[in-house]
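The values are calculated or read from the model by the stated rules, or taken from the named source; none is laboratory data. Just so it is clear, the model here is predicted, and its values are computed rather than measured. Every residue, glycine among them, receives a Cβ derived from its backbone with ideal geometry; neighbour counts consider all protein chains shown.
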Amino acid sequence: MGTERDGAVRGDGKARGSGVRRGAVGAIVAVVLALLTGCGMGSRSNGSDSYEAARLRMVETQLRARGIADPKVLRAMETVPRHELVPESLRDAAYDDRPLPIGAGQTISQPYIVAAMSEALALSGDERVLEIGTGSGYQAAVLAEMGVRVYSIELVPELAERARRDLTRLGYEGVEVRQGDGYRGWPEHAPFDAIIVTAAPEEVPPALVEQLAMGGRMAIPVGTYSQDLVLLRKRPEGIERRLLMPVRFVPMRSESE
C-alpha cells in the first residue's frame with residue numbers, strides 16, 4: 001500500500017507504473033497467503049499438514065474397513081488434527097490403531113472407538129451433547145466438527161485446562177469445558193440430546209440418565225475389569241439398552257475418591 005501512495009504523490013508516470021506493479025505483486029502475495037490459510041495453514045487443520053496421509057490412512061484402514069459409515073463421523077475424523085491433541089513425544093503415533101497415554105493416568109481413545117461411539121449417537125448436527133471425560137479434547141473436537149454443541153466435563157484439573165487451551169487454539173468454539181465430577185453431570189445445561197462417557201463406571205450414573213432428553217441416546221462403557229460399551233435410549237416406557245461391544249476404558253472416578 002505504501003508504494004501505491006508514493007507513486008500517486010510523486011505524480012510521474014514511472015513512479016505510478018512502479019507503484020502499480022508493486023501493488024499488483026502485493027495483491028498476488030496476499031491472495032496466495034489467503035489461499036494457504038484457507039487450505040489449513042491456519043490454527044485448525046483440514047488435512048493439509050504433514051500428518052494428512054496418516055490421518056486419511058487411519059480413516060480408510062481403521063474406520064471404513066471396520067464398518068464406520070456415517071459421513072459426518074468420517075469427515076470429522078479426516079479433519080480433526082489428532083496429533084495436536086497428544087503429547088508432542090507421541091505425535092508420530094497419533095494415528096496408530098491404539099489408545100495413547102496423555103498424562104495423569106488417562107488416555108486418548110483408539111480412533112475406532114471414538115468413531116464407533118460418535119456414530120452410535122446418530123447425530124444430525126444441531127444437538128447439544130454432554131461429554132463425561134474430556135481427556136485430551138479429541139472426542140469433543142470430533143463431535144464439534146460434526147456440528148453439535150459440546151459440554152465437556154473433566155475431573156483432572158490439569159487435563160481440563162490443557163484441553164480447554166488446545167481446543168481454543170484449534171478454533172473449536174463450540175466446545176465448553178468444565179472441571180468437575182462427571183457423576184453429577186451438568187444440570188445447568190440439561191437436558192442433553194446425547195451423552196457420551198469416555199471412562200467406565202461400574203453402573204450407569206443416575207444423574208446422567210436424568211439429564212438425558214426424552215428420545216436421547218447415551219454411549220457409555222460399563223463395568224470394572226470386564227466392560228461393555230452400551231447404547232442407552234430414553235423412552236417414555238423406560239430405558240432401552242443395547243450392547244455394542246466389549247471394551248477396555250480407564251475407570252470413571254469421582255471427586256470423593
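Here the condition is being touching a Lys or Arg at 6+ places or on another chain (Cβ under 7 Å) and more than 21 Å from Ile113 (Cβ to Cβ); of Arg178, Arg169, Arg128, Arg165, it holds for Arg128 alone.
Among residues belonging to the stretch 239-257 that are of a type outside the set (A, V, I, L, M) and in a strand (DSSP E or B), point out the one that is surrounded by the most Cβ atoms within 10 Å (Cβ to Cβ). The extreme case among them is Pro251. A Cβ distance below 9 Å, combined with a sequence gap of six or more or placement on separate chains, defines the contacts here; from the stretch 47-68, residues that are part of a helix (DSSP H, G or I) reach residues that are surrounded by fewer than 18 Cβ atoms within 10 Å (Cβ to Cβ) and modelled with pLDDT under 95 in the pairs Glu52/Gly40; Arg55/Gly47; Arg55/Asp49; Leu56/Gly47. Mind listing whichever residues of the stretch 213-238 are assigned to a strand (DSSP E or B), over 19 Å from Leu130 (Cα atoms) and in contact with an Asp or Glu (Cβ under 9 Å, 6 or more places away or on another chain)? Correct list: Gly223 only.
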